[in-house]
Amino acid sequence: MLTLQKLFYSLFTTQFFIAAVAVLLSIETSIVLHQPFQSFCFYFFTFFATHFAYNIYYIKTQSGQLHKMLASISFIASILILFFVPQLWHPKLLFIALPSAMYILPIFFNFGMNRGFRFFKLLLLIFVWVATTFVLPISKLSYQASMIVLLFYRIVLLSFACILFFIRDEYDQDLKRIASVAAWILLLLQFILAALVTSTIDIEVGICYLGICILNIVLGYRFLKTRQPNLQYQMFVDGVLFLQGFIVTIIYFIELS
């Protein structure tokens, strides 16, 4: 039992779980937009690139040596897999890599970290997640109303998750209050968009989104009221993202059978 608990704990602390979340959300994008799945190389690259970025972010913590080792392994794996990813993806990957690097750079260089820069980092994180899990997996962009609604839903969903982590790490009480208000506004928008998906795009997916919205409201009440242990943020906040991608994938394969 103790060994299983350690494995469960390490799944989150070694950033394997959040890397899996990125892959599942990418798969979900192809499903809800009725587009073909990408190659296995694409999903493996998404996994290892996300795993690398998140381990780099923690290399100056107490468990920094472990994160350095994991980041090195993921970096090598990402480079090797990149050779098998079609070259037409490379400009898109570079477009995502640049803001990712900008988000990570303050770990190595002190930029002052004033209020404006901390807010800018939050926007960078949201952008990278949306670009990686929604824009990148799309084979063909279109401006259909359904795609725009689903894009806005994904932006709101990821923004809420990122804001919860932002509030956890922020020490400026005024900024935390502003972020808390923004989080509740995002929950309202998420509910409206989920209802719109249910009524106009896909009932099953929309019901899933409404359920995820309810879970986020529960999370908002709990995590915005009092600061929770760091592991709970990874388990529950990231867990909701994982759950959404997992449920949509299960719905797809049930309908396919």
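All of the numbers you see were taken from the coordinates with simple rules; none came from a lab. The model shown is predicted, which means the values in this text are computed figures rather than measured ones. Positions of Cβ are generated from backbone atoms using ideal geometry, with glycine treated the same way; all protein chains shown enter the neighbour counts.
Annotations for the structure displayed:
- Taken together, the residues in the stretch 239-257 that are exposed (fewer than 13 other Cβ atoms within 10 Å of the Cβ) and part of a helix (DSSP H, G or I) amount to 5.
- Candidates Ile96, Ile81 - the one that is closer than 18 Å to Ile126 by Cβ and either among the charged types (D, E, K, R) or in contact (Cβ under 8 Å) with a residue 24 or more places away in the chain (or both): Ile96
- Among all residues of the stretch 173-184, there is none that is more than 16 Å from the chain's Cα centre (by Cα), surrounded by fewer than 19 Cβ atoms within 10 Å (Cβ to Cβ) and outside any helix (DSSP H, G or I).
- Residue identified as surrounded by fewer than 23 Cβ atoms within 10 Å (Cβ to Cβ), in contact (Cβ under 8 Å) with a residue 12 or more places away in the chain, assigned to a helix (DSSP H, G or I) and in contact with a Ser or Thr (Cβ under 8 Å, 6 or more places away or on another chain) among Tyr43, Tyr54: Tyr43
- Filtered residues of the stretch 27-36 (kept if within 19 Å of the chain's Cα centre (by Cα) and either of a type in the set (Lys, Arg) or farther than 14 Å from Ile250 by Cα (or both)): Leu33
- Phe236 vs. criteria in contact (Cβ under 8 Å) with a residue 24 or more places away in the chain and assigned to a helix (DSSP H, G or I): no
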